[in-house]
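K.L.:
Submitted below is the structure of interest, expressed as structure tokens.
Bear in mind that the values in this text are calculations on the coordinates, not laboratory data. In this text the structure is predicted, and so the values were computed from the model without any measurement. Here the Cβ is made from the backbone with ideal geometry for all residues, glycine too, and neighbour counts use every protein chain on show.
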Amino acid sequence: MSDTDNTSVLRARGLRKEYGKEAGLVRAVDGVDLDVAPGQTLAVMGPSGCGKSTLLHLLGGLDRSTGGEIWLAGHRVDQMSERALARLRRDAVGFVFQAFHLMDELTAAENVELPALLAGRSPRAARRRALGLLERTGLVDRAGFLPSALSGGQRQRVAVARALANDPLIVLADEPTGNLDSAATLEVLRLFDSLHKAGQTLVIVTHDSRIAATADRLISMRDGAFVDETRVTGGTTGRLADLAGLEG
Amino acid sequence: MGKILLVSRLAARDLRHRPAQAVLVLLVIAAAATTLTLGLALHGVTSQPYQRTRAATAGPDVVVSAFGQNGGSAASLMALARAPGVTGHSGPYPLASPVLRAHGHAVAVQAEGRDPAPAPIDQPKLTQGSWVRPGEVVVERSFADVLGIRAGDRVTLNGRPFRVAGIAVTAALPSYPMESPGQIWLPRADARSLAPSPQSHATSGQPQPPDFLLNLRLADPAAARAFANAHETPGLAMMAWQDTRDQDATLVTNSQQDLLIGSWLLGLLAAASVAVLVGGRMAEQTRRVGLLKAVGGTPGLVAAVLLAENLFLAMIAAAAGLAAGRLAAPLLTSPGAGLVGTPGAPSLTVPAIALVAAAALTVAMIATLVPAIRAARTSTIRALAGAARPPRRRAGLIAASARLPVPLLLGLRLAARRPRRAVLSAASIAITVTTIVAVLAFRQYAHNAQQGYGLSGLPNPQTTRDSQVLLVITVALVVLAAINAIFITWATVLDARRPSALARALGATPQQVTTGLSATQLLPALPGAIAGIPLAVGLDAAVSSGQALPVPPAWQLLAVVLGTLFVVAGLTAIPARIGARRPVAEILQSETA
């Protein structure tokens, strides 16, 4: 990590993403600086269209920035080729999407094992890992079910299990509870809580204050820029459901 | 009435909205319709010119050849001339079999001795120059064409120089190459001086009795075949005028058969192309279908709009195909130089027009019916959401693909999502390879036939014509198959946008995704290409009335399969690369929207 802070898994400096030109110029991400330490859970909040999802896509190498630097696991991401980015995503990043983005024709286990297969693991090792992750997410009894046979919360838990398939350094979650009802949101919150406890680094983009309350740090975003940061850690873990106000 | 107007208006608007796709549908159906028109136009193309030639040359009803070696003689011919039912004759004329040398070629010919005065029966009609005189010969036109001989040229017969007095056609004998060796006429004295040929001396060791030819006119020309059968003996060979006519017709029947088979193959490919195009359009039109249903459109209306669009295009394509076929037909319908007159632009009969129109409509109907029914059945809510048709799940293939390298894993799973498209792709490749292998088999046959043909390896006009026809069909099929491959890949790329983007988000490289998309096309192309070989052999066995075409050498078959796969990979690489270039986030967001 030559130029980066040794304690950061993920670091961004002066990150920008612009669309259009001149009068039609839109700054989706406007000069963002960010450091995420290992094991930390960071929540980014803001209204719809403030650039949260774009920021997450830039951080995970799913989209190209217009300017600035991104460092992930000691590698300068913004200058990487598509091929190198793909490898980095495969080995170091797990994604969780609002719309789940599961393959409709694959069962829960087949969806979870897919990243491991793409990484070149043997089918047996990939399946073993997938079943382990499904057990961890409480879905091992649904391993052979197609996504269409699962509830929203179960689908998102499958998506989280898939994000963990290659034991990533960081999990990037884009509105993970955005499509879920209260009960399903609770399932996912519990899962993120367990990941947090296990020391998984998480960046969660959300406009749901309940999920934001589970984070160590909360960053507010408006018009593409960070406008506020709050450190909320020190007791959220273990009181998640109470804080979220979803139980009892 | 209002409903028809609505369907027409919606269909017209949609066609105007997607002109490129409309043009492509039109082109692929028109190509099949043109070939079918050509095939139908060749029907009976030689019968009229033969009758004209027969009338112009006072053609005989039966031609009798007496072979001295087998006991035939001028006397036996004259006895036949007095047989019941015979009303006239010309000859007997002496025959010889000298070797003709001209323009660097040496060819065995049948030389018929004639009088300077016109014969009452079978007086060949001159198309160039004048009739025979001492030291001069007249050459049959189709044979002269192959040799490049014109009136005034110099030739030798068994080494003796002769001048070509003229070029003529006859209805007494099938034209070259049906009548091999070629036919020439020369004065009786010259024919006698050339017979028996040096070859017959060499084989028998003894001078051979001369051969003669007699032309007969019968009281009942229709009974010529019965007369010939009744009087044929080992020394006398008979040929009825109907047999001559039929042999002349074989000059174009092969071409006609090739064109008809080619048109059906093109029709199948066109159906595959249209099915892929319509299917791809349906994927883009899901929201439109939802809107139509949401505002009160019945499933029947949705299906009717889609059918109306493609049936309208098919009607235009049929008209274009009929016009193009009629214009192109004279290029293929020349009856051959052995007959006088040309059939002109073939007049298309009402049944032929109806057949072409029906074929075009059937192609469009077959290709559109499944997507139309599917569109009609799509739930309104699902269609309004623009949701793609749920992919098929093939558990066995998914499990098997887990053991494969990433590109093959992606390719196999993408192919398994849309089995109908994979089948269309395989069928398209199989049809193309079938044609290519059939062409190779024909070339092998033509090469073999050429080697045993005459003394000089002259080009055989029949095989030349067949080669040209096959080349036209093959080019059309290959172009259509290439268009199909691109359509199918593009449809696959569009359909695979989300899974491809997801695979990239999960760590697959753009190269792996691109190769995977190419593999999606190559996986069905491989069995298609292999299946094309037995299909070609089967097709040949099914349509060849006589000797089956030889199977091309193994290296050629291997080259066809590998070449096909190489071309498919090349054709699919470009759309696959374009598809893999779009940013992952953009695709995932748009698919969610």
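K.L.:
Arranged by the count of other C-beta atoms within 10 angstrom, fewest first, what order do A:229, B:140, A:82, A:22 take?
P.N.:
Numbers: A:229 12, B:140 26, A:82 18, A:22 5.
Neighbour counts put them in this order, fewest first: A:22, A:229, A:82, B:140.
K.L.:
Which semi-axis lengths, in whole Å and largest first, follow from the square roots of five times the eigenvalues of the Cα gyration tensor of chain A? Walk me through the numbers on the way to the answer.
P.N.:
Working: eigenvalues 156, 97, 59 Å².
One finds semi-axes of 28, 22, 17 Å for chain A.
K.L.:
Restricting attention to the range B:65-130, which trypsin sites (Lys or Arg not before Pro) occupy a DSSP loop and are surrounded by at most 14 other Cβ atoms within 10 Å?
P.N.:
Details: sites: B:82, B:101, B:114, B:125; in loops: B:82.
In loop regions of the range B:65-130 (DSSP not H, G, I, E or B), the sparsely surrounded trypsin sites (Lys or Arg not before Pro) are B:82.
K.L.:
Once a ≥ b ≥ c are taken as the square roots of the eigenvalues of the Cα gyration tensor of the range B:68-234, is the result rounded (a/c under 1.5), prolate (a/b larger than b/c) or oblate (a/b not larger than b/c)? Before the final figure, lay out each step's value.
P.N.:
Numbers: a/c = 1.92, a/b = 1.34, b/c = 1.44.
The shape class here is oblate.
K.L.:
Using square roots of five times the C-alpha gyration tensor eigenvalues, list the equivalent-ellipsoid semi-axes of the range B:1-41 in whole Å, biggest first.
P.N.:
Working: eigenvalues 166, 44, 3 Å².
So the three semi-axes of the range B:1-41 are 29, 15, 4 Å.
K.L.:
Which lysines have a Cα less than 19 Å from the Cα of residue A:17, not counting those fewer than 8 places away in the same chain?
P.N.:
Correct list for residue A:17: A:52.
K.L.:
Could I ask something else about it? Give me the distance in nm between label points sitting 7 Å out from Cα along the Cα-to-Cβ direction at residue B:404 and residue B:373, one decimal.
P.N.:
3.0 nm
K.L.:
Quickly rank B:233-243, B:498-508 as a protection proxy: mean count of other C-beta atoms within 10 Å, highest first. All intermediate terms of the calculation are to be shown ahead of the outcome.
P.N.:
Numbers: B:233-243: 18.0, B:498-508: 25.5.
Output ranking for B:233-243, B:498-508: B:498-508, B:233-243.
K.L.:
Right, here's the next one. Cα convex hull of the range B:392-593: how many Å³ per residue?
P.N.:
On the way: hull volume 26.9 nm³, N = 202.
Output value, Cα hull per residue: 133 Å³.
K.L.:
Taking beta carbons within 10 Å but only from partner chains, what does the mean come to for residues A:87-93? Let's see the in-between values first.
P.N.:
Working: counts 3, 1, 7, 6, 1, 1, 3.
That works out to 3 on average.
K.L.:
Here's something else I'd like to know. Per residue of A:56-62, how many C-beta atoms from partner chains lie within 10 Å of its own C-beta, taken as a mean? Numbers along the way, then the final one.
P.N.:
Numbers: counts 1, 7, 1, 0, 3, 4, 10.
So the per-residue partner count for this stretch is 4.
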